[in-house]
């Protein structure tokens, strides 16, 4: 049975002032303690009396940067991600209709990556109310059924590189295909790697826990003659942890973090936050209607870019005729010269291996 935790949170209303910094930090420490008491799917909702960005406040004086940065840092350290809000962005107001009106988003829902894996399309709705200075918020965690993609797109995982036998597998797959054209070979190798990945590197967390249990059992029942087995398991566990780190590093897209930050709640939350930020919940059509279905959003995007990039007939010649040529013929010949292998290699190896993959699914890490 899967156990989930839902927490209702409410901060004291008298801690908004900067002079109450001590009580503010106590509230942040309490949030950290809550995050360490439960490792399963967790969602916390309520009145936090804090904002995560300056754009979440409108009117009067700006909130101090140390308050914004402090709360944002606590949320990340706790492995939590903001549930996206739909509708009006502010949840609290004061003195509406006057020159001293102020609005802030003080109420929100936060959840960890385990919870988002169960409810990836969860949203927070800001409702209207006739009384109170807080708008009610409604957490919608009903799963939205998306059309199933029967063909999964290939994506190279940097974690595969350290798997025993992977390099030999790729080398053999590259040589076995009887073609000298690079692009068809890449397509065929991608299909081979997808088939290979179904049996390798697809359950890293379970493999890590299995290694940990085996080491613990051997230590408890050690007779002094099975130390070699412990050494092998420790090496395997170290490799699996490095692969798990590479998995999250590739998704986090934060290329400046140190090894001391590897595989922490902060990194997992950053990756989940990036995924949530990249997720499109709905689009508006030309009439201002919100469309949330996959078919409708695809049609809106298609029409938008078709109109944006279509050729427009205009009389540009009378204008361009008076523009002086700044690129000489020799310069143009150099710019249009085909790329060399050396230039391609320099460009590819200058990229970070965790950069986004191309349309073919290959990231710079594969070529490096």
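Values in this text are rule-based calculations from the coordinates and carry no lab data. All values reported here derive from a predicted model rather than from experimental measurement. Because the Cβ atoms are built from the backbone with ideal geometry, glycine has one as well, and the counts that use them run over all protein chains shown.
Observations, loosely collected:
- Ascending count of other beta-carbon atoms within 10 Å, so fewest first, for 334, 194, 52: 334, 194, 52
- Which of 366, 169, 6, 309 has the fewest Cβ neighbours within 10 Å, and the rest in rising order: 309, 6, 169, 366
- Tensor-based shape of segment 170-223 (alpha-carbon gyration tensor, a/c under 1.5 rounded, otherwise prolate or oblate): prolate
- Taken over the alpha carbons of segment 5-140 as equal point scatterers, the Debye sum produces base-10 log I(q)/I(0) values at 0.16, 0.19, 0.20, 0.22 Å⁻¹ of -0.84, -1.18, -1.29, -1.51.
- Footprinting exposure proxy ranking of 99, 352, 125, fewest other C-beta atoms within 10 angstrom first, gives 99, 352, 125.
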